[in-house]
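To start, the structure itself, in C-alpha cells.
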Amino acid sequence: MPDVTSETKLQRIGSDNAPSSWGLGDGQAIPWEYAPAPESREIVTIRDRYGLFINGREVDAADGETFGTVNPATEETLTQVAKATPADADRAVRAARKAQRHSWGQLAGRERAKYLFRIARILQERSREFAVLESMDSGKPIKESRDVDVPLAAAHFWYYAGWADKLDYAFPGRVARPLGVAAQIIPWNFPLLMLAWKIAPALAAGNTVVLKPASTTPLTALLFADVCRQADLPPGTVNILTGPGSIGMHLVTHPGIDKVAFTGSTEVGKKIARGVAGTDKGLTLELGGKAANIVFEDAALDQAVEGIVNGIYFNQGEVCCAGSRLLAQESIVEPLIEKLKDRLSTIRVGDPLDKNTDVGAINSRAQLEKITELVESGKAEGAEFYQPACDLPEVGYFFRPTLFTNVAQSHRIAQEEIFGPVLSVLTFRTPDEAVEKANNTPYGLSAGIWTEKGSRILSMATKMKAGVVWANTFNKFDPTSPFGGYKESGYGREGGMHGLHAYVRLEDR
Amino acid sequence: MASRTPQPKGEAAARARVSSRAVQKAADRAAAPRIEVRKTYKLYIGGAFPRTESGRSYLVSAKDGTPLANACRGSRKDLRDAVRAARQAFPGWAARSAMNRGQILYRVAELMEGRRDQFVEEVAAAEGLRPDRARPLVDRAIDRWVWYAGWADKIAQVLGSSNPVAASYFNFTIPEPTGVVGIVAPETSSLLGLVSRLAPPLVAGNSVVLITSEKRPLPAVTLSEVLATSDVPGGVVNVITGLKNELVPVLAAHVDVDALDTWGVPDALRTDVDLAAAESVKRIARRPRGVADARFDWTDDRAAERPEWIAAFLEMKTVWHPIGV
C-alpha cells in the first residue's frame, strides 16, 4: 500500500513534475530515441494481381473483377485480388465436395497427418515471408506476426496433424466421421492464425474447406494457397475465396455446405446463425468480447501492468478477447493507474515493419473511424481521457494507446466492443462486486485475474462467465488450449481436443 | 347398526362394540362403488404447482379417444415465470458438488420406483399400450435416471483436460453448466423420451424449463410431483403443459434461456425456432439428422444414452496460470 493519501496521489498523477520509475512526468514523450529497425520487405514478392484458389488452381473471378488491398500503415494499395462471385463460390464448393468424396476424404488418417505435418513445416520454413506479408497487409507489428501469429499458425497444423490418425482416441467408444465440406469465414485481426485455427482441425478430421478471408487481409491466405500447392495437397481440399462479406453469406446459405465456422463480430455471427436456420449444418461461432481484467490489491502490480498493457494494446487492441475493461480494486487504483500511464509513455506506435514497434496500424480506415467514434462517446459521457504524448506517423491509420478512467458501467466504452487500443478503467471494493461487474455484459469470451492468493484465483476463475480465464497472465494462446466463448461470445471451441469436436459426426462403433 | 342387542359391559366391551361398527361400515361401502378422487394436472414452477395464470385448459385423451384429464394450457406468462424460477435456481444447483447432484438425481429414480404402478397406468393410457408393454418403458425410464445420475462426478473427467501448452503455464479445461436450458420434450414417448432428454442437462448442473408432449403430457406432470418430493431444489425443473405452437416460439425467443433442446419441436416450427434462438446466440441441441421423433427407439440404450447429450449443455472453460517460483 502506498504511504500517501489519495489526494496527494491524485495530484501527483496530474503533475508534470511527478517522479516515477522511468523518471518521466505524465504525458511526456519517451526521452530516448530508437534508431529505425525496419524488417526487410525483400523476402516478400507481391504480384500485381491474385486470383482465387479453387480446385488447386489459381483462377480469376468469373466476371474478372478485382479489388485492392491496402497497407494500413502507408495507405498504399498493395495489389489487386479477385473478387469472388456466387458462381465462383459454387465452383469452390463443388471442388471441395469432389475432394471430400474422392481424394482427401478417402485418405487414411495417417496419410492426412503427413500432409498436415508438411504444411506445418513449410509454414516454419517460410515464416519470415509470412510474417512480413502479414504485417504489411494487416498493420500488426512485425514482432507480433513474427513471434506470435506465424509460429502459432504452424503449431496449430502441427498439433492437429497428430490427431488425424488418432481420432478413435479423442472420442472413446465412438467413431468420428467428417462432416463434409466446411465453409470458414475468418476476420482481419489474425488473418493467418485464424486460417490455421479453422483449416487444421477441419482437414485433420477429413473434411474439405472453402475459406473466405476478410476483405482487408487476403494476402497471407493467398500465400497459404501456395503452401498447399508446395505440399501437394489434393486439389479441392482447400479452396480460398477472396471477396466481400456477401460471398461469405452465400457460402453460409449454400446447400452444398455441411458445416459453417465463423470468427468475427457478434452482430454478423447472429446473421450467420440465422443463415443456417432450419438446416442440419453444423455451426461454431467465435464472436466478440468485452473482457474484464481484474486486479486485486495483493497483485504483483508491475506484472499486472505488463499484463494489462499486453491485454489491451497487443495487436492494437484488435483482439476479440482483449482485456478492454480494467477492474481495479479501489485501494490500489491510484498507484496502478500511475504505473500504467508511466508504462504507456514507453509504448512505441508506428511502422509495423519496425522491429521496435509495439502498436502498429489500425487495420482499416473504417475501423479507425469506429474507434474514434467510440472514444469521442467516452469523452462525451464524462469518462476521464488519457493518451501518452507519442508521435504518430503522418500517413496511415494510427491511434494512440488510450486510457479512460472514472468509467461507469453504463458508458458505451464499458459496454461495447471497441476493437482498438482503448482501455476503460472501473473500480470495485469486494470480490463479489468484481464478479458482478466482470459478468455484466452479454459477452463471455475471456477474463483476467491478478492476485497472489491461489484460492482467490480458483474461486474467481470459477465465477467468471468466460471461456478463457488468464490468471496472472493475459492473451496467451496455444494449439492445445481450447478457446471460445460463453453467452453471446459464441459457441464451440477451437484448439485442443475440443476443437476437433466441431468437425466430426460421432457414430456408434 | 343401531340394533338393540344386549350391550357387553366394561372397557373391552366398548372397544369391541366400536370395531364391529367399523366392520359393518366397511362392508356397506364395498357394496356401493367408490367415487375415485381425481387428480388435477397442474404446472410445476419454482417448486410449486400453480394452475396456468391464463385459466385455460385443454382436453387430453387416451390414444383410443377416451378423455383422460383437462391439462393446463400454459401461457406466455407461465413460461416467463418458469424461466425466472429457473434462472433463480441455477446458481445454487450449479454450485452443488458433483457427487451431491448425482445422489439427488439417483433419488429421483428411487422415488419413481415407488410410483411404478402409477406411471405404468399413465404411460399405458397416454401411449395406448397394454400395461405389460408400458411397464418396460417405465422401468427403463427409472434405469435411465440411474445411468445419468452416475455421470455427475465423471463427466468432467471425460470431457475436461489438462493441456500441455508450449510455454511455462499450467493450463486446464473444465466443463461448466450453460445455464437455463429450454427443453421441448419428445411428442411420442411420454415418459421414457422425456426422462432421456431431461436428465442430461440436469446432471450437467443446468436448470430447466420443459415443455411437455402436447398430446401425452400427463406422465410429465406426475414426474414433476416426483421431482417436488425429491431433493431436486424448487425451480431447477419447471414443467409447462400446453400447445406447442403457442409455447415453443416464446421459449425460443426468451433471451434469458441460454440453450435449447429442440428434439420435440414440430417440423413446421423448426426454422422459426432456429431464427429466434440466433438472436441471443442460444446453443441448440438438435435431434440427430434423419431421426424421426415418432420412430426413435428410446429403449435402445446405446442410441438413447449419450454423454454427448450432457456435453451439449456444458461450456468448456480454460484457465491459464504461469508456472514459476
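The values are calculated or read from the model by the stated rules, or taken from the named source; none is laboratory data. Just so it is clear, the model here is predicted, and its values are computed rather than measured. For neighbour counting, all protein chains shown are included, and Cβ atoms are generated from backbone atoms with ideal geometry for every residue, glycine included. Quick note on the areas: whole protein, heavy atoms, side chains included, nothing else; ligands and nucleic acids left out. Shrake-Rupley method; radii C 1.70, N 1.55, O 1.52, S 1.80 Å.
All conditions but one from (1) at pLDDT 95 or above; (2) polar (S, T, N, Q); (3) surrounded by fewer than 20 Cβ atoms within 10 Å (Cβ to Cβ) apply to A:T346; the one that does not is (1). Output the number of residues of segment B:35-69 satisfying the condition of being of a type in the set (A, V, I, L, M), open to solvent by less than 70 Å² (accessible area, probe 1.4 Å) and in a loop (DSSP other than H, G, I, E, B). Qualifying residue count, segment B:35-69: 2.
If you take the residues in segment A:456-466 that are in contact with a Ser or Thr (Cβ under 8 Å, 6 or more places away or on another chain) and open to solvent by less than 10 Å² (accessible area, probe 1.4 Å), which one is farthest from the other protein chains (Cβ to nearest Cβ)? The extreme case among them is A:M460. Given the condition hydrophobic (A, V, I, L, M, F, W, C), at the interface with chain A (Cβ under 10 Å from one of its Cβ atoms), more than 16 Å from B:L223 (Cα to Cα) and without any contact (Cβ under 8 Å) to a residue 40 or more places away in the chain, answer yes or no: does some residue in segment B:148-167 qualify? Yes: one or more hits.
Look at segment A:467-509 and say how many of its residues are at negative phi, in a loop (DSSP other than H, G, I, E, B) and within 7 Å of chain B (Cβ to nearest Cβ). Walk me through it before giving the result.
Quick first cut of segment A:467-509, residues at negative phi only: A:467-471, A:473-474, A:476-483, A:485-486, A:488-489, A:491, A:493-494, A:497-509.
Then keep just the ones that are in a loop (DSSP other than H, G, I, E, B); that gives A:467, A:473-474, A:476-482, A:485-486, A:493, A:502-503, A:509.
If we keep only those that are within 7 Å of chain B (Cβ to nearest Cβ) too, we end up with A:467, A:473, A:476, A:478, A:480-482, A:486, A:493.
Total satisfying the criteria: 9.
Look at segment A:241-265 and say how many of its residues are open to solvent by less than 10 Å² (accessible area, probe 1.4 Å), part of a helix (DSSP H, G or I) and either aliphatic (A, V, I, L, M) or at the interface with another protein chain (Cβ under 10 Å from one of its Cβ atoms) (or both). Count: 3.
B:T188: of a type in the set (S, T, N, Q), touching a Gly at 6+ places or on another chain (Cβ under 9 Å) and open to solvent by 10 Å² or more (accessible area, probe 1.4 Å), yes or no? Judged against the criteria, B:T188 is a match.
Taking the stated definitions as given, is B:I284 open to solvent by 10 Å² or more (accessible area, probe 1.4 Å) and either under 20 Å from the mean Cα position of the chain (by Cα) or touching a residue at least 12 places away in the same chain (Cβ under 8 Å) (or both)? Give the steps one after another, and end with the answer.
Numbers: open to solvent by 10 Å² or more (accessible area, probe 1.4 Å): yes; either under 20 Å from the mean Cα position of the chain (by Cα) or touching a residue at least 12 places away in the same chain (Cβ under 8 Å) (or both): yes.
The answer is yes for B:I284.
Taking each residue of segment A:273-292 that is more than 9 Å from chain B (Cβ to nearest Cβ) and looking for partners that are of a type in the set (F, W, Y) and in a strand (DSSP E or B) with beta-carbon atoms closer than 8 Å, six or more apart or interchain, yields A:T284/A:F262; A:T284/A:Y491; A:E286/A:F262; A:E286/A:F483. Against the numbered list (1) within 9 Å of chain A (Cβ to nearest Cβ); (2) surrounded by fewer than 22 Cβ atoms within 10 Å (Cβ to Cβ); (3) of a type in the set (S, T, Y), B:T318 comes up short only at (2). When segment B:245-281 is filtered for residues that are open to solvent by 50 Å² or more (accessible area, probe 1.4 Å), of a type outside the set (G, A, S) and either within 15 Å of A:A277 (Cβ to Cβ) or in a loop (DSSP other than H, G, I, E, B) (or both), the ones remaining, listed by number, are B:P249, B:V255, B:D256, B:D267, B:R270, B:T271, B:D272, B:L275, B:E279. Scanning segment B:109-121 for residues that are assigned to a helix (DSSP H, G or I) and among the charged types (D, E, K, R) yields B:E110, B:E113, B:R116, B:D117, B:E121.
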